[in-house]
Amino acid sequence: MLKTLILSTTALALGVNVAAAADLSDMSWDDIVTQAKSEGELTWYVWYLEDDLRRFVKAFEDEYGIKVTIPEGTGDSNAEKLIAERSRETGDIDVFSWGYNNFETVDLAATFEPLEMLPEDNDRVSKLVGIDGQGYLLAFWGNQTGIAYDPAKVAEADLPQTPEELAAFWAANPGKFGFNYEKGGSGPSFYLNTLRNLTDVDFTDGEVTDEKMAQVVEGFKFFNDNAENYVITASNADSIIRVSDGELWMVPGWEDHLAGLQKRGEVRPELKFYIPEMGMSGGGNGVAIPQNAPHPAAAAVFINWLTSAETQSKFNVDFGTAPMHAKADDSHALISNDQRQFRQPWAVEPFRKAVEESFIENVILER
């Protein structure tokens, strides 16, 4: 539905704010910075960690004298606003953030300004999880699902790496491994990648067919046969808290989520994180400038700052994210670079949704 709505308004958007984009592309970077300071403000639509990000961008505000406003909102509500404002000559959004895979559902050229006005920097990330930003989109936040564990209970050498090893761990340690199936993507990443390993189904093909679904259902037997030995948690946060409290020993989680909780002292700092060799999904979030942004120069300067090596290194320190710049320092990441070879792309819609709904019906509701 979201893709239909956005593409249906393409014609309306093509002529919106084209002059502003052209003006920036004809200006030197120094002149763009001067105009940005004259604009004096920008609004960044990002849907998570709003309070933490408001504190984080204070460094940008101090450096450039440009105020950054981050409204409250969800990813869906922000996207709906982007759609609703497409026909307006001037909208409310200067910088729009979304999951990188979500940007695949929009016509980038009809929705956003090209970022050709930014200083050249080939070390920024514009291609992620198989999606090419095509000059309109840059990654600023790298995230990764994996498994958080208590090293006092599970030695690194004993970490399960395959579905077969997981089943053995569950049998030897019943009730000590848990995962969520809703309210966060770490649990779905875990069971989707387990199913990917157990079947020959191509999860990167979004087509839903009876044959593909029948193969996936065969993989459900793995979870049903082991149902007594694992726990279902309520959410991403519930999983991590229960490991920190000692109730569980291992749970799927997000690298950046765990790092943030540890930094704020909300969970034990000794918890560790890894990506099993069977693979788990990762990606990141991107930023773009809507064609009708009210403060396009300020938005450009902000994105240049946000995606710089220095800021990406700071993101790694403050949030535990995987830096989206080749020259950034990632030494504060929870996992080593060699483990990132096991990162898998997310299952493609609508196949992903079909599998998740079937998993709930045939595994969760059957427990």
Discussion item. Could you put Arg88, Arg124 in order of accessible surface area, largest first, with the 1.4 Å probe and the full protein assembly present?
Written reply: Arg88, Arg124
Worksheet item: Hey, what's the chain come to in accessible area per residue, 1.4 Å probe, Å²?
Response: 43 Å²
Discussion item. If I model a spin label as a point 7 Å beyond the Cα along the Cα-Cβ vector, how far apart are those points for Val208 and Glu104 in nm?
Written reply: 1.6 nm
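May I ask you to rank Arg352, Arg343, Arg55 by accessible area, largest first, using a 1.4 Å probe over the protein chains only? Kindly include the intermediate steps, with their values, before the conclusion.
Working: Arg352 45, Arg343 90, Arg55 155 Å².
Final ranking, largest accessible area leading: Arg55, Arg343, Arg352.
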Item to complete: For region 264-315 and region 104-136, compute the distance between their C-alpha centroids and round to whole Å.
Response: 15 Å
Worksheet item: Roughly what angle does helix 163-172 make with the longest principal axis of the chain, taking Cα atoms, 0 to 90 degrees, to the nearest 10?
Response: 50 degrees
Worksheet item: Which cross-chain or sequence-distant (5 or more) residues have an amide H under 5 Å from the amide H of Glu41, H modelled 1.01 Å from N in plane?
Response: Lys67
Discussion item. Can you compute the modelled spin-label distance between Ala168 and Asp51, with each label point 7 Å from Cα toward Cβ, in nm?
Written reply: 4.5 nm
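What FRET efficiency do you get for Arg264 and Glu61 if R0 is 35 Å and r is their Cβ-Cβ distance, rounded to the nearest 0.05? Let's see the in-between values first.
Numbers: r = 22 Å, r/R0 = 0.64.
Step by step, r from the Cβ atoms, then E = 0.95.
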Worksheet item: Of all accessible surface on the chain at a 1.4 Å probe, what whole percent is carbon and sulfur?
Response: 47 percent
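Report the gain in length on full extension from Glu247 to Glu182: 0.36 nm times residue separation, minus Cα-Cα distance, nm rounded to one decimal.
Working: separation 65, 0.36 × 65 = 23.40 nm, distance 2.01 nm.
Additional length available on full extension: 21.4 nm.
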Item to complete: Could you list, in their original order, any pairs among Lys81/Lys272; Lys67/Lys327; Lys221/Lys263; Lys127/Lys221; Lys67/Lys353; Lys153/Lys221 whose Cα atoms are separated by more than 31 Å?
Response: Lys81/Lys272; Lys221/Lys263; Lys127/Lys221; Lys67/Lys353
Worksheet item: For Gly282, which sequence-distant residues (separation of 5 or more, or a different chain) have an amide H within less than 5 Å of its own amide H, given hydrogens modelled in the peptide plane?
Response: Thr145, Gln344, Trp346
Worksheet, complete the sentence: For Kirkwood radius over Cα pairs in Å, with candidates (i) 22.3; (ii) 23.7; (iii) 21.8, the value calculated from the shown model is option (iii)
Practice prompt. Apply 1/(1 + (r/R0)^6) to the Cβ-Cβ distance of Glu361 and Ser235, taking R0 = 25 Å, and write down the FRET efficiency to the nearest 0.05.
Written response: 0.80
Worksheet, complete the sentence: Amide H proximity to Leu128 below 5 Å, modelled H, separation 5+ or other chain, gives Gly133
Worksheet item: With each pseudo-label sitting 7 Å past Cα toward Cβ, what's the Asp158-Val348 distance in nm, one decimal?
Response: 4.1 nm
Practice prompt. Hand me the trypsin sites (Lys or Arg not before Pro) from region 227-332 located in a DSSP loop with no more than 13 other Cβ atoms within 10 Å, in residue order please.
Written response: Arg264, Lys327
Worksheet item: To the nearest 0.05, how large is the calculated FRET efficiency for Glu228 and Asn337 if R₀ is 41 Å and r is the Cβ-Cβ distance?
Response: 0.65
Discussion item. With every protein chain left in place and a probe of 1.4 Å, what is the accessible surface of His257, to the nearest 10 Å²?
Written reply: 50 Å²
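The values are calculated or read from the model by the stated rules, or taken from the named source; none is laboratory data. Here the structure is a predicted model, which is why all the values come from computation and not from measurement. Counting neighbours? That spans all protein chains shown, and the Cβs are built from the backbone with ideal geometry, glycine included. We work out accessible area using only protein heavy atoms, side chains counted, and drop any ligands, DNA or RNA first. Shrake-Rupley method; radii C 1.70, N 1.55, O 1.52, S 1.80 Å.
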